[in-house]
Amino acid sequence: MTSTDTPPDLGAEDLAARVEAFLAEHDPSTTEPSEFLRERFAAGLAWVHYPAGLGGLGAANGLQTAVDAAFAEAGAPENRPRLNVIGLGMAAPTILRFGTESQHRRWLPSLWTGEDIWCQLFSEPGAGSDLAGLATSAVRDGDEWVVNGQKVWTSMAHHARWGILVARTDPSAPKHRGLSYFVVDMQAPGVEVRGLRQITGEAEFNEVFLTDVRIPDDQRLGEVGQGWAVAQYTLMNERVAIGGGTLPRESGAVGPLAARWREHPEAHTPGLHDRMLRLWVQTEAARLTAERLGQQQAAGQPGPEGSGVKITYARLNQECSSLELELRGEDGLRYPDYTERRPEVEDYGRRDAAWRYLRFRANSIEGGTSEILRNVVAERVLGLPAEARADKDVPWKDLPR
Amino acid sequence: MTSTDTPPDLGAEDLAARVEAFLAEHDPSTTEPSEFLRERFAAGLAWVHYPAGLGGLGAANGLQTAVDAAFAEAGAPENRPRLNVIGLGMAAPTILRFGTESQHRRWLPSLWTGEDIWCQLFSEPGAGSDLAGLATSAVRDGDEWVVNGQKVWTSMAHHARWGILVARTDPSAPKHRGLSYFVVDMQAPGVEVRGLRQITGEAEFNEVFLTDVRIPDDQRLGEVGQGWAVAQYTLMNERVAIGGGTLPRESGAVGPLAARWREHPEAHTPGLHDRMLRLWVQTEAARLTAERLGQQQAAGQPGPEGSGVKITYARLNQECSSLELELRGEDGLRYPDYTERRPEVEDYGRRDAAWRYLRFRANSIEGGTSEILRNVVAERVLGLPAEARADKDVPWKDLPR
Amino acid sequence: MSAAAPTPSTPETGDLLYSDVEEDLRASVRALVEKQAPWDVVLARTDTEEPVDTDLWKRLTQEIGVAGLAVPEERGGAGASWREVAVVAEELGRAVAPVPFLGTVVATALLLGTGEDELLAAVAAGERTAAVAVGATRGPGRPVPVTVERQGGGDLLQGTVTAVIDAVTADVLLVPVSGTEIAVVEAGVDGGGDGVTRTTAESLDMTRRLTDVTFDGAPARIVAGADVEHALRIGAAVLASEQLGLAERCLADTVAYLRERHQFGRALASYQALKHRLADLWVAITQARATARYAARCAADGSPDLPVAAAVAAAHGSEVALLAAEDSLQLHGGIGFTWEHPAHLFLKRARAEALLLGSADHHRAVLAELVDLPA
Amino acid sequence: MSAAAPTPSTPETGDLLYSDVEEDLRASVRALVEKQAPWDVVLARTDTEEPVDTDLWKRLTQEIGVAGLAVPEERGGAGASWREVAVVAEELGRAVAPVPFLGTVVATALLLGTGEDELLAAVAAGERTAAVAVGATRGPGRPVPVTVERQGGGDLLQGTVTAVIDAVTADVLLVPVSGTEIAVVEAGVDGGGDGVTRTTAESLDMTRRLTDVTFDGAPARIVAGADVEHALRIGAAVLASEQLGLAERCLADTVAYLRERHQFGRALASYQALKHRLADLWVAITQARATARYAARCAADGSPDLPVAAAVAAAHGSEVALLAAEDSLQLHGGIGFTWEHPAHLFLKRARAEALLLGSADHHRAVLAELVDLPA
């Protein structure tokens, strides 16, 4: 899709003027929020680097921040960014990159406005780190695909209207080559969402059972058999989150630890002091590393440090919250509530220390285990030989599972 | 070799009586030491579990300790046990197990008396952990073998009269099957011993260059091509050292660390205190683990904990000596002397802290690297799959090096 | 701290192996626990209002006699020793069994010093359940938060003790009121006796829930001869064996899972980084076993080295158990993070145990005094 | 330590990348050092009586101007900043180059506060070499072991300073006599000036040998305006960059060796346990780079956050460099333990550097005060 009504060099000033004009026409305090958001999309001020007609103006990527800030300052309604993090962060760029023109028009507007929440149906009980080993099948039946399988770790599925799905369309092809990528209607018959209770007691994620779910072929993204490449593109967008703005000192799990230390001098011991200071230094080092990575990315050098930052933050979250429990002593033996329920999307820093200790165990698993990320660093950064594997050229159906 | 003049159930009392009788006949204070040792060998009181005629009486293995103690108490001369540790600990059992009767008689008496020191010619620059990959060649020439190659990490080579050697006699066989085992005369033409200077400045080990060295075939131990099995037997004897008697608390590298701590209160800091206490606890845990292993072995359950004990002691030696340097502060920046020289065989505990820090780096390399030992634990103890390897069935000469 | 402080002397090590009798005992306990309290049953119970498996406890005490092992025969026990107690602790730790064993151990150690033989015998027989009312984190050497009011008709207890171990189903509470005296308080069942209020706390460790106990004029019998520090030390020593059992279970479960789980066409167990991690864990566990056995041996023989042995075992055992539980969850990946997998039962137990009866940090500080390595 | 202590504020991060000018400078230094002081030359020098490569130092100072980078042009320097100094330190650390750069850095930082412009310019130009006479382990905040005797004809210095950095070839010694005053002492060359005795110590780090200096009535000029603590802090910040360079070199050497070395028919670099270890080391080095850059940035800009930045960089850099050097020796196996392999040059440097200008333990204690996390 090309746009004709976008000035070739749309700058920050032009955008500021457009925002101002838009706000003059649509007073946030009197316009109905969903109406406001739809109009903002139509005006190309949703994601300004998207093409005209799809919520953008073909502007440079870096200009979005100022536009968002101007809307926020004016008290404009939000588009549910935390609830629709998968939709905005991962589904949208994939739809834009691999979708047809009619798919763009069908899904992007209601995605951006937050009217439709999206979820991601990739991981399976048998396919975690090895995503390409997934077993959910999609069998062609005329203009439709019939899908059967089980997905897991699906956040937001209980809120979602649409899901992005990778399924196996050719079990006799090698694992990476037999996959296709679909958009599934989460309200379609045969889609069942069940909360997946986790060790904190809550059900933050879901299992999604797909039983003879029919997906029209026009909900396929990319070619049949191209699913792995499309999914890689989706996941690539997962890892762009770092950078932008100064990270505060003592952010992350060291914050409540240091606060507890300052507030409870009676709990101080030399041994705990030493451990806390070590974690403080490591956290500050990790912060500066993330800052430096952000600067590299801003300078157009998209270094591979991101994997290292994720490994480090996972470890520090775990060690800091564990030490905080020791510092709490007897209080560290208590827990707020293990009752099964759906958690709010909220700031971890406000949760109980014991809850954080448990929740942070997942930090080194979700979004790439620390072990897989070490492989990534070793192989892609240091250039060491890849792990021996025998699963790349064998038909998927013949692999050990 | 079987013996006929040994009582079937030779007990501790019988041995004590024999020692007493021997001492009555050979007064240690008046008998010339080498004469005394030769007589002791002849009397079967050298290593009482060896067969009669070869320095023993076919007694039970555990009875040696009391015999040695009785001789020591009487002021009997020693057979240079520290200098001949390779001969007594590794060469002798291998000769006994794989040697012919004439080989037994040729080598064992002068080995035991310490008249002849032995060394071990196994490791090579290109074959460390992967000993079976060694390249030193032995080519048959009539009744002799012509040996060429380079060995390394050979302790005592500069004192040694004889060496036990593994060499490749068939390069077209797979690596483990093309080796043979020899006894080499260290005074033979073509044997060159060079001190190998190490990071402490000293030359504790040697490189041995073998250039057209001719070894008579009657100095071969075991069959041609059986070298790997013979060498494994030799190395097995390397690892029996642990156990026997109560290990003292604070033995090993934690000893000087704790002593320094007690003697220098002005250097105490909370952070150093915590690290020292952690090392103290770990050392005590390691000590009790070694004690328990010794008890298991004594009870006839030769558990695999030995690898774990070695990994742990290497780490503790390194960490304790490193912390000791921190505790010493400015003194930790000094070093006694880097001049190249031959070190005495001596107690590490009496050496300077910085020397120990350097020397202990080798603890996790020599006698099996800690990485190899973790493989051993993982594969032989926990039953996890062996590392993939492609070198077992390929002719040695075709392997990548 | 003189300039020529001698190296500490080395006490005799004693027997660190398991006797045949101990192995038989282990087999009995394991068979019963595996039958009656497999992990899914233990997990299901955590969502109920009955966190303690009183039926299992009854069978353990009455069929196997686990509560009386360290009590002499002439005082109503089995006349074994703390060594056997430690073996039972290993098995119960391996199963995260929700029974009041640890509390009973400390109570028994306390009662052994007193003349309360009737109560001791009843506890040993599993007819009564006693808990020692001290805060769960309390290592040897911390103050006691209750006061005794001497009144005409008897003594009345006043005060609150929070986070008491194994008081959920206890019908008698032993409250230290000085280093050598305890108040014996009838606690009743289901909530409290006269002047006693018990509240079961929502606890990090779901299989060993703690209790806050308030005494408001509770009638008490003051008893002398109790060595509170010694009893807590025995508790710490036995806890180290429980941690050992837990760590062994975590390793075994992880090894089994990694052998079975395939990713990228290979069993996870074939990846060297994971193999080395498990090897390191195995090494740490062999050390935890040696230190726990030595502490149990010292407890059994009344060795003067018990304070050192218990501190070493507790400091080391806490860290090894936590490492094992954390590694186990991590190496199980996503499944280990779910409620329906047992990994979290062990993680929560191990994380809590690392604070129970003194943290590793506390035990190292104690040790610094004992072995003349002052701060 | 109030009950509502605020989270510390966050100073601006500033630029943590390398500028083109810095990369050019790096290339110049590296080219010269690789040509003139490859590791085998550095190693061979350690067995000689001339532990400092005075010819290399001459070329570094006179051709590239490394000693004057942080000195303003109007005072005879290059008018760059401590950022560029830090880049030079990375390269000299990577090469364990035996030149008095670190000592010059501290001396320059000290002189910049004074009116000693003639001496400053001579040092910046490499015409003179100055060392600061404090013990090598001295972090900010420790006492000074010399006394000044005021006499008729001038001041005379008395006392001994042990383990001075880069004093082997220094011809002028700067001796702190209070927090703001230094004594300038002509040290002569080859042994000592009037009343000055220097003894080069046999040092763990063979490529940076320390000197014991005794002043026995040495004539001294007392100069005011010197900020000793600040100069030592600049030294610690720059040292962190030296440690970074050393760690990078160790990692690079190890990666190269493991790719080339085969055991059991496979390159060592293909073993996952080794891969993960190198990955962890790489991660640690990215952090050392970020902290060292931030410390250099704070030093260059006179940021009030320099004390925190320097303490973080020094505490982290020491541990990363030591880890890199120890891992490198280990992963090289037996060959790494030999004298004829460079691994020990880095190990000895890293082990010594972990004590230089304050240990990590010391810097953490300093930090505890600075960020309100008291013991």
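List the GluC sites (Glu not before Pro) in segment C:27-111 that DSSP assigns to loop (not H, G, I, E or B) and whose Cβ has at most 16 other Cβ atoms within 10 Å. Which are they? Within segment C:27-111, the qualifying GluC sites (Glu not before Pro) (loop, at most 16 other Cβ atoms within 10 Å) are C:GLU49.
By the Stokes-Einstein formula, at 1.306 mPa s and 10 °C, segment B:330-400 with its Kirkwood radius over alpha-carbon pairs has D equal to 97 µm²/s.
Averaging 1/r across all pairs of distinct Cα atoms in segment A:67-199 and inverting the result yields a Kirkwood radius of 16.2 Å. Summary of packing: across the peptides C:216-227, D:19-30, the per-residue average of other C-beta atoms within 10 Å ranks them, highest first, as C:216-227, D:19-30.
Hydrophobic long helices, here whole DSSP H runs in chain D with Kyte-Doolittle means of at least -1.0 and Cα atoms spread over 30 Å or more along the helix axis, are found at D:228-260, D:272-301, D:306-332.
Under 15 Å from the Cα of B:LYS392, which aspartates and glutamates turn up, not counting those fewer than eight places away in the same chain? Hits, sequence-local ones excluded: B:ASP130, B:ASP170. At q = 0.17, 0.20 Å⁻¹, what is the base-10 log of I(q)/I(0) for segment A:230-381 according to the Debye formula with one equal point scatterer per Cα and no solvent? Please give it to two decimals. Log-scaled intensity ratios, in q order: -1.07, -1.32. Of all DSSP beta bridges confined to segment A:118-225, the antiparallel ones make up roughly 85%. Distances between copies of C:THR54, taken at a point 7 Å out from Cα along the Cα→Cβ vector and listed shortest first: 9.1 nm.
Translational diffusion coefficient of segment C:118-178 (Stokes-Einstein, Kirkwood radius from Cα pairs, 20 °C, 1.002 mPa s): 165 µm²/s.
Mean projection of the Cα convex hull over all viewing directions, computed for chain A: 23.1 nm². Ordering D:ALA310, D:ILE165, D:HIS341 by Cα displacement along the dipole of chain D toward the positive end leaves D:HIS341 in first place; charges were set at the Cβ atoms of Lys, Arg (+1) and Asp, Glu (-1).
In the elastic network of chain C, a GNM with C-alpha springs shorter than 10 Å, the most mobile of C:ASP305, C:ASP212, C:ASP40 is C:ASP40.
Share of pairwise Cα-Cα distances greater than 65 Å in the protein assembly as shown is 20 percent (whole percent). Computed on the Cα atoms alone, the convex hull of segment D:20-128 gives a volume of 88 cubic angstrom per residue.
In Å, the Kirkwood hydrodynamic radius of chain C over pairs of distinct alpha carbons?
Evaluated on chain C, it is 21.1 Å.
Shielding of peptide C:334-345 by partners, expressed as the average count of other chain Cβ atoms within 10 Å per residue Cβ, is 6. Over segment B:127-236, all Cα pairs binned in 5 Å intervals from 0 give whole-percent P(r) values of 2, 13, 23, 25, 21, 11, 4, 2, 0, listed from short to long. Label point of B:ALA267 (7 Å along Cα→beta-carbon): distances to the other copies' equivalent points are 3.4 nm, sorted ascending. Its Cα gyration tensor gives segment A:1-78 an equivalent ellipsoid; the semi-axes, largest first and in whole Å, are 20, 13, 10.
With θ taken as phi - 60° and the Karplus curve 6.51 cos²θ - 1.76 cosθ + 1.60 applied, the whole-hertz 3J(HN,Hα) list for segment D:54-70 is 5, 5, 4, 4, 4, 5, 4, 7, 8, 8, 9, x, 5, 7, x, 4, 8 Hz, x standing for glycine and proline. Label sites at C:GLU127 and C:SER19, each approximated as a point 7 angstrom past Cα along Cα to Cβ, lie 2.7 nm apart.
Measuring from each Cβ of chain B to the axis carrying B onto A, the nearest residue and its distance in whole Å come out as B:PRO270, 2. If you run the Gaussian network model on chain A, springs between alpha carbon atoms under 10 Å, then out of A:VAL377, A:VAL183, A:VAL48 the most flexible one is A:VAL377.
Can you give the mean number of other chain Cβ atoms that lie within 10 Å of the Cβ atoms in peptide A:252-261?
What the average comes to for A:252-261 is 2.
When the alpha carbon coordinates of segment C:309-348 are projected onto the principal axes, the ranges are 38, 15, 8 Å, largest first. What sits nearest the axis between copies C and D, counting only chain C Cβ atoms, is the residue and whole-Å distance C:GLN272, 2.
Per residue, the convex hull spanned by the Cα atoms of segment D:229-370 amounts to 98 cubic angstrom. What separates the B:GLU78 label point from its copies, with the point 7 Å along Cα to Cβ, is 7.8 nm, written shortest first. Neighbour counting of Cβ atoms within 10 Å sorts the residues B:PHE98, A:PHE22, fewest neighbours leading, into B:PHE98, A:PHE22. For segment D:139-282, the ratio of Cα radius of gyration to the globular rule of thumb 2.2 N^0.38 Å stands at 1.55. Normalised radius of gyration (Cα atoms, divided by 2.2 N^0.38 Å) for segment B:177-318: 1.52. Peptide packing for C:193-203, A:109-119 was compared via the average number of neighbouring C-beta atoms within 10 Å per residue; ordered from the highest value, the list is A:109-119, C:193-203.
Ordering C:LEU120, C:VAL71, C:PRO98 by Cα displacement along the dipole of segment C:20-128 toward the positive end leaves C:PRO98 in first place; charges were set at the Cβ atoms of Lys, Arg (+1) and Asp, Glu (-1). Of the peptides B:223-233, C:322-332, the ranking by mean beta-carbon count within 10 Å, highest at the top, reads C:322-332, B:223-233.
For the residue pairs D:LYS58/D:LYS348; B:LYS310/C:LYS348; B:LYS151/B:LYS397; B:LYS310/C:LYS275; C:LYS35/C:LYS58, the C-alpha atoms sit more than 22 angstrom apart in D:LYS58/D:LYS348; B:LYS310/C:LYS348.
The numbers here are math on the coordinates, done by the rules we state, and not lab data. Model, not experiment: these values are computed from the prediction. Neighbour counts are summed over all protein chains in view; Cβ atoms, including those assigned to glycine, are modelled from backbone coordinates with ideal geometry.
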